[in-house]
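In what follows, a structure is listed as structure tokens, so that the remarks can point back to it.
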Amino acid sequence: MRRAVHRRTLLRAAALAPLAGLAAGCGELGQAVGLGDFVRVAVTWSAAELAAFARVLDRRGPADYELIPLGDDISAALGARTSGRPDIVAVPQVGHVATNLDHLAPLPDGVWNAKYERIVPDARLQPYTLPFKLANVSVVWYRRDLGITPPTTWDGWLDLNERIIDDGMAPLALGGADGWMLAQFFANVLLRTYPETYDAFLGEHEANLWDSREVRTAFEMVATMWGRAGTLAGGAGKALVQQFPDAVLEMCRYGRAAMVPAPDFAESVIRRFAPDPGEFDTFTFPAGTRGTQPLVVSSDVLVLTRPASGPAQDLIRYLATRAAPVPWIRDTGGFIAANPDTDPANYSPTLRKLAQALRDNEIRFGLADQLGRPGGIEGLQRVLQNLLRVVAEGTAPADAARTACLAMVDAEHRTGS
């Protein structure tokens, strides 16, 4: 039988393969095989975010870099040993750093900032890891024109959804094809309802945590909201096939949803496509219990592959400066600098509020960042896609939650974690 080859796999192979056979001049050949002063930078970003990062690099001076967009296959760049391997890799999960230390070079002197310790608390990783982009994931965007009073509790959010449905509109848009959106939703529910249980996942944990009362309740809370008829714009069928930007557009361009639970970087979509970007605001993902609960975050960190060239180290030094991300912040939006010294005046009022919330509250990384494969597409993301599907078909939330728990126990064993 012939094995299917995905386009993403081909792109990864092409990006990392040595191009020594290229008939070109010395400069182009040096660029192709990673020689001379040319720096190859592998990233997960695409489209507007990729263009925004290119502007960040362009601000430094003449183009002496090549951007390699690898998407979900970014981890392949860390262990590459070809002559055209990346010199710098933007990693969306700190866990990838821990499993690839042998392939990484230490950061140059003076780059690490003690203020980064709350993002990378593991002392083993700090010499190799430069936090660059921080994302506030505990965010719900909403339309100002609907007169919404932001809820502060889960029950208050359920009540708000009922009022919006009664007014003839869908409360929420979801990008279920991007399973990470569903995983972030669940992470917020669990962390902001049962923070002690959430923290138990971050240490040495056993698969039976997935079948605990607290986790079952969190799954049931999610199933109750998603399964209510009329809640999702276009229904569950549409939610399962649309991606993150499409979900944001349902709210900000087409007006078919009142809210979208999405990280701060949804701002870049709103600024680009909304008729009036100022007509949208955010509230903090409501807590299931009273009191102040931690916020869910994600972060893109930069690492140097071994051996690190002088030009690559110089580029890392530049990207560590507080002014480096300003073009992305100012021109595209949807970017919170991990460097706490970046001037907040560069942010829009909404992003300034979200950035301040990260400084004022405890933070926790999402489960995919912490758990690896069980928290990713092979585990939690797929389980939540199935949960959304079955509750839309009429399965009771409690039954869907029990099934999800058992599926996660199986995923934990199956992925070898």
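The values are calculated or read from the model by the stated rules, or taken from the named source; none is laboratory data. What you see is a predicted model, and the numbers here were worked out from it, not measured in a lab. Positions of Cβ are generated from backbone atoms using ideal geometry, with glycine treated the same way; all protein chains shown enter the neighbour counts. Accessible surface is based on the protein model in full, side chains and every heavy atom, while ligands, DNA and RNA are left aside. Shrake-Rupley method; radii C 1.70, N 1.55, O 1.52, S 1.80 Å.
Can you confirm whether the range 367-380 contains a residue that is open to solvent by 20 Å² or more (accessible area, probe 1.4 Å) and at pLDDT 95 or above?
no
Kindly indicate which of 275, 307 is outside any helix (DSSP H, G or I), open to solvent by 40 Å² or more (accessible area, probe 1.4 Å), in contact (Cβ under 8 Å) with a residue 40 or more places away in the chain and on the phi < 0 side of the Ramachandran plot.
Working: 275 fails: in contact (Cβ under 8 Å) with a residue 40 or more places away in the chain.
Selected residue: 307, the only one of 275, 307 that is outside any helix (DSSP H, G or I), open to solvent by 40 Å² or more (accessible area, probe 1.4 Å), in contact (Cβ under 8 Å) with a residue 40 or more places away in the chain and on the phi < 0 side of the Ramachandran plot.
Among what's in the range 234-243 and is of a type outside the set (Gly, Ala, Ser) and within 22 Å of residue 138 (Cα to Cα), pick the residue that is most open to solvent (accessible area, probe 1.4 Å). Steps first, please.
In the first step, residues of the range 234-243 are kept if they are of a type outside the set (Gly, Ala, Ser); the result is 238, 240-243.
Okay, now just the ones that are also within 22 Å of residue 138 (Cα to Cα), so 240, 242-243.
Values: 240: 33, 242: 11, 243: 92 Å².
Among residues in the range 234-243 that are of a type outside the set (Gly, Ala, Ser) and within 22 Å of residue 138 (Cα to Cα), the one most open to solvent (accessible area, probe 1.4 Å) is 243.
Which residue, of 187, 123, 200, is closer than 27 Å to residue 75 by Cβ and assigned to a loop (DSSP other than H, G, I, E, B)?
Details: 187 fails: assigned to a loop (DSSP other than H, G, I, E, B); 200 fails: assigned to a loop (DSSP other than H, G, I, E, B).
Selected residue: 123, the only one of 187, 123, 200 that is closer than 27 Å to residue 75 by Cβ and assigned to a loop (DSSP other than H, G, I, E, B).
Any idea which of (1) buried (at least 22 other Cβ atoms within 10 Å of the Cβ); (2) over 26 Å from residue 156 (Cα atoms) is the one residue 231 doesn't satisfy?
For residue 231, the failing item is (2).
Of everything in the range 116-162 that's among the basic types (Lys, Arg) and surrounded by 13 or more Cβ atoms within 10 Å (Cβ to Cβ), which residue is modelled with the lowest pLDDT? Give the steps one after another, and end with the answer.
So the first thing to find is which residues in the range 116-162 are among the basic types (Lys, Arg), and the list is 118, 124, 133, 143-144.
Now restrict to residues that are surrounded by 13 or more Cβ atoms within 10 Å (Cβ to Cβ): 118, 133, 143.
Details: 118: 93, 133: 97, 143: 98.
Checking each candidate, the answer is 118.
Of the residues 264, 246, only one is within 28 Å of residue 363 (Cα to Cα) and open to solvent by 10 Å² or more (accessible area, probe 1.4 Å); which? Spell out how you get there, then give the answer.
Values: 264 fails: open to solvent by 10 Å² or more (accessible area, probe 1.4 Å).
Of 264, 246, the one residue that is within 28 Å of residue 363 (Cα to Cα) and open to solvent by 10 Å² or more (accessible area, probe 1.4 Å) is 246.
Among the residues in the range 399-407, are any of a type in the set (S, T, N, Q), open to solvent by 20 Å² or more (accessible area, probe 1.4 Å) and over 30 Å from residue 277 (Cβ atoms)? Outline the logic, then answer.
Let us first name the residues in the range 399-407 that are of a type in the set (S, T, N, Q), namely 403.
From the residues that got through so far, the ones that are open to solvent by 20 Å² or more (accessible area, probe 1.4 Å) too are 403.
Then keep just the ones that are over 30 Å from residue 277 (Cβ atoms); that gives 403.
Looking for residues that are of a type in the set (S, T, N, Q), open to solvent by 20 Å² or more (accessible area, probe 1.4 Å) and over 30 Å from residue 277 (Cβ atoms), one finds at least one in the range 399-407, hence yes.
Within the range 258-265, does at least one residue satisfy the condition of being closer than 19 Å to residue 177 by Cβ, among the small types (Gly, Ala, Ser) and outside any loop (DSSP other than H, G, I, E, B)?
No, the conditions are met nowhere in the range 258-265.
Among 73, 87, which is in contact with a Leu (Cβ under 9 Å, 6 or more places away or on another chain), open to solvent by less than 60 Å² (accessible area, probe 1.4 Å), under 27 Å from residue 334 (Cβ atoms) and modelled with pLDDT of 90 or more? Talk me through it step by step, then tell me what you get.
On the way: 73 fails: modelled with pLDDT of 90 or more.
Just one listed residue meets the conditions, 87.
Six or more apart or on different chains, Cβ atoms under 8 Å: show the pairs whose first residue is in the range 149-171 and closer than 17 Å to residue 285 by Cα and free of Cβ contacts under 8 Å to residues at least 40 places away in the same chain and whose second is of a type in the set (A, V, I, L, M, F, W, C) and surrounded by 14 or more Cβ atoms within 10 Å (Cβ to Cβ).
Sorted first by the residue in the range 149-171, then by its partner, the pairs are 149/160; 160/148.
Exactly one condition in (1) part of a loop (DSSP other than H, G, I, E, B); (2) more than 30 Å from residue 87 (Cα to Cα); (3) open to solvent by 20 Å² or more (accessible area, probe 1.4 Å) is false for residue 110; which is it?
(2)
Looking at (1) buried (at least 17 other Cβ atoms within 10 Å of the Cβ); (2) small (Gly, Ala, Ser); (3) farther than 27 Å from residue 289 by Cβ, which one does residue 79 not meet, given that it meets all the others?
Evaluating residue 79 over (1) buried (at least 17 other Cβ atoms within 10 Å of the Cβ); (2) small (Gly, Ala, Ser); (3) farther than 27 Å from residue 289 by Cβ leaves (1) as the failure.
When you look at residue 168, is it among the small types (Gly, Ala, Ser), over 19 Å from residue 394 (Cα atoms), open to solvent by 20 Å² or more (accessible area, probe 1.4 Å) and part of a loop (DSSP other than H, G, I, E, B), yes or no? Reasoning before the result, please.
On the way: among the small types (Gly, Ala, Ser): yes; over 19 Å from residue 394 (Cα atoms): yes; open to solvent by 20 Å² or more (accessible area, probe 1.4 Å): yes; part of a loop (DSSP other than H, G, I, E, B): yes.
Taking the combined requirement at face value, the residue satisfies it.
Of everything in the range 329-362, what is assigned to a loop (DSSP other than H, G, I, E, B), of a type in the set (Gly, Ala, Ser) and surrounded by fewer than 21 Cβ atoms within 10 Å (Cβ to Cβ)? Give them in sequence order.
Kept after step one, since they are assigned to a loop (DSSP other than H, G, I, E, B), are these residues of the range 329-362: 332-335, 338-343, 347-348, 361-362.
Okay, now just the ones that are also of a type in the set (Gly, Ala, Ser), so 333-334, 338, 348.
Residue satisfying the conditions is 348 alone.
What residue, of 160, 202, 125, 107, is on the phi < 0 side of the Ramachandran plot and out of contact with any helix residue (DSSP H, G or I) (no Cβ under 7 Å at 6 or more places or on another chain)?
Values: 202 fails: out of contact with any helix residue (DSSP H, G or I) (no Cβ under 7 Å at 6 or more places or on another chain); 125 fails: out of contact with any helix residue (DSSP H, G or I) (no Cβ under 7 Å at 6 or more places or on another chain); 107 fails: out of contact with any helix residue (DSSP H, G or I) (no Cβ under 7 Å at 6 or more places or on another chain).
Result of the check over 160, 202, 125, 107: 160.
So which of 412, 393, 362 is over 24 Å from residue 195 (Cα atoms), acidic (Asp, Glu) and out of contact with any strand residue (DSSP E or B) (no Cβ under 6 Å at 6 or more places or on another chain)? Break it down into steps so the answer makes sense when it comes.
On the way: 412 fails: over 24 Å from residue 195 (Cα atoms); 362 fails: over 24 Å from residue 195 (Cα atoms).
Criteria check complete, one pass: 393.
For the condition buried (at least 24 other Cβ atoms within 10 Å of the Cβ), touching a residue at least 60 places away in the same chain (Cβ under 8 Å), part of a loop (DSSP other than H, G, I, E, B) and among the hydrophobic types (A, V, I, L, M, F, W, C), what is the one hit in 182, 174? Let's see the steps before the verdict.
Details: 182 fails: part of a loop (DSSP other than H, G, I, E, B).
Criteria check complete, one pass: 174.
Test each condition in (1) among the acidic types (Asp, Glu); (2) within 18 Å of the chain's Cα centre (by Cα); (3) over 19 Å from residue 133 (Cα atoms) for residue 72 and report the one that comes out false.
Result: residue 72 passes all but (3).
Can you name every residue in the range 278-304 that is of a type in the set (Ser, Thr, Tyr), in contact with a helix residue (DSSP H, G or I) (Cβ under 8 Å, 6 or more places away or on another chain) and open to solvent by 20 Å² or more (accessible area, probe 1.4 Å)? Spell out how you get there, then give the answer.
Quick first cut of the range 278-304, residues of a type in the set (Ser, Thr, Tyr) only: 282, 284, 289, 292, 298-299.
Next cut, in contact with a helix residue (DSSP H, G or I) (Cβ under 8 Å, 6 or more places away or on another chain) only: 282, 284, 298-299.
Selection gives 284, 298.
What pairs come out if I take residues in the range 39-61 that are within 21 Å of residue 313 (Cα to Cα) and free of Cβ contacts under 8 Å to residues at least 60 places away in the same chain and pair them with residues that are among the polar types (S, T, N, Q) and open to solvent by 10 Å² or more (accessible area, probe 1.4 Å) whose C-beta lies under 9 Å away, six or more apart or interchain?
Listed by first residue and then by second, the contacts come to 40/31.
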